[in-house]
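All remarks here apply to the structure that follows.
The values are calculated or read from the model by the stated rules, or taken from the named source; none is laboratory data. Quantities reported herein were computed from a predicted structural model and do not represent experimental measurements. Glycine also receives a Cβ, built like all others from the backbone with ideal geometry; neighbour counts cover every protein chain displayed. When the accessible area is computed, the model is the full protein with side chains, heavy atoms only, and any ligands, DNA or RNA have been set aside. Shrake-Rupley method; radii C 1.70, N 1.55, O 1.52, S 1.80 Å.
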Amino acid sequence: MSILWARADEEVRKAIQAAQQVAVEHALTFIEDRAAYTRRGKGGKTLERTTGLIAASFEHSTSRAQDAQLHTHCLIA
């Protein structure tokens, strides 16, 4: 997909980026629903689901080798 994104016209590039963003949002929702827990109580023995996550996402377009690679980094606070 990254090669197509790199070689496409602006309209197709925007569509691919929009699809990438939707995929990132779905992945964050999955993590929020299935893996976001906090510990409470003495020694953190009580495990509770969180009410949500705060995440920042950063879209990048190249790999470390400077090849075309559309991807997103997410930082969960």
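Each residue, A15 and L75, gets one label point 7 Å from its Cα in the Cβ direction; the gap between the two is 3.4 nm. Only protein atoms count toward the accessible area here, which uses a 1.4 Å probe; on the chain, the carbon and sulfur part of that area reaches 53 percent.
Potential lengthening of the chain between T38 and L4 amounts to 8.2 nm, from the contour at 0.36 nm per residue minus the alpha-carbon distance.
The charge dipole of the chain, taken about its Cα centre with unit charges on the Cβ of Lys, Arg, Asp and Glu (plus for the first two, minus for the last two), comes to roughly 640 debye.
Other residues lying with their Cβ under 13 Å from the Cβ of T46 contribute a combined charge of +4, Lys and Arg counting +1, Asp and Glu -1.
Excluding ligands, DNA and RNA, the accessible surface per residue across the chain is 80 Å² with a 1.4 Å probe. Average 1/r across all pairs of distinct alpha carbons in the chain, invert it, and you get the Kirkwood radius: 14.7 Å.
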